[in-house]
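Trainee: This is the structure I want to talk about, given as structure tokens.
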Amino acid sequence: MMDLPLLPLVALGAFLGIDVVSFPQAMISRPIVAATLGGAVVGDVVSGLFAGAVLEMMAMETLPVGASRYPEWGTASVVGGALAAVPGADRSGALVLAVFAAIATGWAGGWSMYLLRRVNGVWARRALPALESGAPRTVIGLQARGLAADIVRAALVTLFALLVWLPVTTWLLPHWSLGATASRAVLVAVAGAVAGSAAWRLASGVGGAPWYFLAGIAAALATVVLP
Amino acid sequence: MAIELYRIDDRLIHGQVVVGWGQPLRVGFIVVVDDEVAASEWEQELYRMGVPPEMELYFASVNDAAERLDTWRRDQRPGILLTGDIDTMRRLVERAPSIQTVNLGGIHHRAGRAERLRYIYLTSEEERELRALASRGIDVTAQDVPSARPLPLRELLDGSAR
Amino acid sequence: MTAVPPAVGATPQTSEPHLSWRARAAIFLRLLAVQSAWNYELMLGTGIGFCTEPALRTLPGGPAGTAYHEALARESRYFNAHPYLAAVAVGALARAELEGQPPAQIERFRAAMCGPLGSLGDRLVWAGWLPFSALLALLAFGLGAGGVTVVVTFLVVYNAGHIGLRIWGLRVGWRSGLRVAAALGAPALRRGPQLITRAVMVLAGAALPLAIRRVLAGVPLSPPASDTVVRALGGIAPAAAILGAVALGAILVRLHGRMEGWRAALAILAALIIYSVLR
């Protein structure tokens, strides 16, 4: 259980963590990608993918608008995907615990981003006289320093999250008593609710939105009912 | 319905207003109260591109807004009223005393301003203006997005918010 | 009306200044890191300076000249916008600087661009293209696709829009300069978010039940047992899960965004873990 490839996971977390805001914002940090990659590093793509799908539903409501604070899903999903893929565990309990650990990591990651923005602010304030004189080295230096600090931030969040959550989930899994179906039913009900309510809010003010939603449900039913 | 939010935000129309507040409140119109923008076609053109077509956008000077406030309040759709600074909101409140709540949504860094929250920076004069608003019985709170806790002015200014 | 509106400013727009392909490529690559020094004071202000810098080197006097330093100082001040649509601002501001537009006009234009570019980008990308791409990937997952297919589907679809928007933004900003508002007011751009939202709703209706069903079915995916609606969903548990999702989702919608779903999820899952471990 404890034999996780820590270094590759931390490197992946650092790479995907900076994608959230700093570089290149190609959304490789989205849970459906990041958790799948986290699972792949551990050796189980499918379990990572399942964790990624559930986390993606949770992340649907996160709109990084303006300067608001929000969970950092990049590092969180690497941790979630890796924990879901840890071999030798009861699958249903592992998925619930992995998703829980990922959301908690996302919360902590959000705080780390807030702290990084404050540190960037301190650096920018100190550099104001140089910025006002139009010094290119200062401008480029601030961007480079911010990027480097974000890499360190994301790596540390991933490392600490794995060091905390791996023993916790390893200890909890043998005590897991709920059946696989019931555990997953609660998990996907919560995730589906978050995603559904997020989509509903996005459609606010768009005429006929419920009908489009119902058309989608009809299409989904058709794919499973029709031969 | 009524105007659901009287907000001071130096960015006026932006994502937190249109998406962050506009979608959960199902906002049908936004009023931008700003003497300069109300007199500038090119700025209005820029701001119009920031709102979806189903959302109406009105521009008004302070005097014009004070006169039309009751009309907007009778609108069946929920609305948001925005000013870009505290002084504009203070002048509006003086002409329209029925405004009971003011939301501080974004007053950003500028020389002479001190940080109160990560999205609120104030000069001592601006703090005095906010206290004057509160002394009129107006509930002044800081809240950038709906999911954040509305922070009373007292907490904002005594430094316990940071 | 404002006496000297910058969009039709006192200094007339000249023909397009020359900018080498190398400088254009440098600006584009720098745009990918426009937010790397994001902070609450200047937001992405230094990022705009960082991105326009390759163009500013062509100002009279070059990188050692006064014009270069003054322009870089101006472009590195407070600015905020959607990171992808910051490309529009970078293109327009770089051109305005190279045309020698009056600094006061550039600063007023810069200030007025922040909110609208932020709002349009948030609606178009964060509230439109991103959920669209994510739901498409969830649909692929719900239909039984493997990890590689799901990940590639998401990354290709999302980044076609992402990279396309940055390239388009830089081009339209550079071509239009201070007159960029007219280009951005195009009906397609104004109605685009609404059309994407409709597609998002169709995809949400299709993808969410299928994704829920697949998670419940576990690995490997169990085929549906019969042709009735409940069984087609995979049994009683999925039907109960979907009903539970609808009920909880309705509560979250009624709260008008005042409660974040992930916080509710964290609390519910914590309760589930405690119950399952302690009982």
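Trainee: What list do you get for A:Asp19, B:Asp64, B:Asp158 if you sort them by fewest beta carbons within 10 Å?
Mentor: Ascending number of Cβ neighbours within 10 Å: B:Asp158, B:Asp64, A:Asp19.
Trainee: What order do you get for C:197-207, A:209-219, A:75-85, C:45-55 when each peptide is scored by the mean count of other beta carbon atoms within 10 Å, highest first?
Mentor: Top to bottom by mean Cβ count within 10 Å: A:75-85, C:45-55, C:197-207, A:209-219.
Trainee: Let me ask something else. How tilted is helix C:86-99 with respect to the longest principal axis of chain C? Cα atoms for both, answer in degrees (0 to 90, nearest 10).
Mentor: Value to nearest ten degrees: 0.
Trainee: Compute the distance in nm between two label points, each set 7 Å from the Cα along the Cα-to-Cβ direction, one at C:Arg22 and one at B:Arg110.
Mentor: 4.2
Trainee: Say R0 is 51 Å: what FRET efficiency, to the nearest 0.05, do B:Gln76 and A:Val168 get from their beta-carbon distance?
Mentor: 0.45
Trainee: So, one more: Take peptide A:141-154, look around each residue's Cβ out to 10 angstrom, count Cβ atoms belonging to other protein chains, and average those counts.
Mentor: What the average comes to for A:141-154 is 4.
Trainee: Could I ask something else about it? Quick one: putting +1 on the C-beta of Lys and Arg, -1 on the C-beta of Asp and Glu, what dipole do you get for chain C around its Cα centre, in Debye to the nearest 20?
Mentor: With Lys and Arg at +1 and Asp and Glu at -1, about 460 debye.
Trainee: Using unit Cβ charges (K, R positive; D, E negative) and no other charged atoms, how large, in debye to the nearest 20, is the dipole of the protein assembly as shown about its Cα centre?
Mentor: With Lys and Arg at +1 and Asp and Glu at -1, about 740 debye.
Trainee: Quick one: Kirkwood hydrodynamic radius for the range A:6-225, alpha-carbon pairs, angstrom, one decimal?
Mentor: After inverting the mean inverse Cα-Cα distance, the result is 18.7 Å.
Trainee: Per-residue HN-Hα couplings for the range B:130-137, Karplus 6.51 cos²θ - 1.76 cosθ + 1.60 at θ = phi - 60°, whole Hz, x for Gly and Pro?
Mentor: In residue order, the calculated couplings are 5, 4, 5, 4, 5, 5, 7, x Hz.
Trainee: Now, a different point. Let me have the relative contact order for chain C, percent, based on Cα pairs under 8 Å that are six or more residues apart.
Mentor: Answer for chain C is 17 percent.
Trainee: With θ taken as phi - 60° and the coefficients 6.51, -1.76 and 1.60, list the Karplus ³J(HN,Hα) couplings across the range B:27-33 in order, rounded to whole Hz; mark glycine and proline as x.
Mentor: Per-residue couplings from phi come out as 5, x, 8, 10, 10, 9, 9 Hz.
Trainee: Same structure again: Starting from the amide H of B:Glu56, placed 1.01 Å from N in the peptide plane, find each other amide H under 5 Å away whose residue is 5 or more places distant or on another chain.
Mentor: Here the answer is B:Phe29, B:Ile30, since their amide H atoms fall under 5 Å of that of B:Glu56.
Trainee: Which of the listed residues, C:Phe132, C:Val253, B:Val31, is farthest toward the dipole's positive end in the protein assembly as shown, when Lys, Arg count +1 and Asp, Glu count -1 at the beta-carbon?
Mentor: After comparing all options, I get C:Phe132.
Trainee: Would you mind putting B:19-27, C:96-104 in packing order, based on average other-beta-carbon counts within 10 Å, highest first? If you can, show how the numbers build up before the last one.
Mentor: Details: B:19-27: 23.0, C:96-104: 19.0.
For the peptides B:19-27, C:96-104, the packing ranking is B:19-27, C:96-104.
Trainee: Per residue of A:43-50, what is the mean number of Cβ atoms on other protein chains within 10 angstrom of that residue's Cβ? The partial results should precede the final answer.
Mentor: Values: counts 0, 2, 5, 5, 2, 2, 10, 7.
Mean shielding count: 4.
Trainee: Karplus couplings for the range C:128-138 from phi (6.51 cos²θ - 1.76 cosθ + 1.60, θ = phi - 60°), rounded to Hz, Gly and Pro as x?
Mentor: x, 5, 5, x, 4, 5, 5, 5, 4, 5, 5
Trainee: Now for a separate question. Enumerate the amide H contacts of B:Val140 below 5 Å, restricted to partners 5 or more residues apart or on another chain; note that Pro and chain-start residues carry no placed amide H.
Mentor: The list, which skips near neighbours in sequence, is B:Val102, B:Leu153.
Trainee: Just to confirm a number: summing +1 for Lys and Arg and -1 for Asp and Glu over residues other than A:Ala155 whose beta-carbon lies under 14 angstrom from that of A:Ala155, what do you get?
Mentor: Here the charged neighbours net out to -2.
Trainee: List the residues, sorted by chain then number, that are 5 or more residues from B:Asp85 or on another chain and whose placed amide H is less than 5 Å from its amide H.
Mentor: B:Asp9
Trainee: Ok, one more. Would you please put C:177-185, A:117-125 in order of how densely packed they are, using the mean number of other Cβ atoms within 10 angstrom per residue and starting with the highest?
Mentor: Ranking, from highest mean packing down: C:177-185, A:117-125.
Trainee: Now a separate question. For Cα pairs less than 8 Å apart in space and 6+ apart in sequence, what is the mean separation divided by the residue count of chain A, i.e. the relative contact order in percent?
Mentor: For chain A, the relative contact order is 25 percent.
Trainee: With unit charges on the beta carbon (Lys/Arg positive, Asp/Glu negative), name the residue among C:Trp21, C:Ala182, C:Ala71 whose Cα is farthest towards the positive pole of the charge dipole of chain C.
Mentor: In chain C, that residue is C:Ala182.
Trainee: Just tell me how shielded C:127-140 is by partners: mean number of partner chain Cβ atoms within 10 Å of each residue's Cβ, no decimals.
Mentor: Details: counts 14, 2, 1, 7, 9, 1, 3, 10, 6, 0, 8, 7, 4, 2.
Shielding by partners across C:127-140 averages 5.
Trainee: Okay, moving on. For chain A, what are the DSSP H helices with axial Cα length of 30 Å or more and mean Kyte-Doolittle hydropathy of at least 0.0?
Mentor: Span-like helices, by this rule, are A:91-126, A:136-172, A:180-202.
Trainee: Which of B:Phe29, A:Phe50 has the fewest other C-beta atoms within 10 Å, and how do the rest follow up to the most? Write out the running numbers ahead of the final one.
Mentor: Values: B:Phe29 19, A:Phe50 30.
By the 10 Å Cβ count, ascending, the order reads B:Phe29, A:Phe50.
Trainee: Which residue fluctuates most in the GNM of chain C (Cα springs below 10 Å): C:Gly118, C:Gly91, C:Gly62?
Mentor: In this elastic network of chain C, the residue with the biggest mean-square fluctuation among C:Gly118, C:Gly91, C:Gly62 is C:Gly62.
Any read-out appearing in this document is the output of simple, stated calculations on the displayed coordinates, not a laboratory observation. Keep in mind it's a predicted model, so treat the numbers as computed, not measured. A quick note on method: Cβ atoms are made from the backbone with ideal geometry, for glycine too, and the neighbour counts reach across all protein chains shown.
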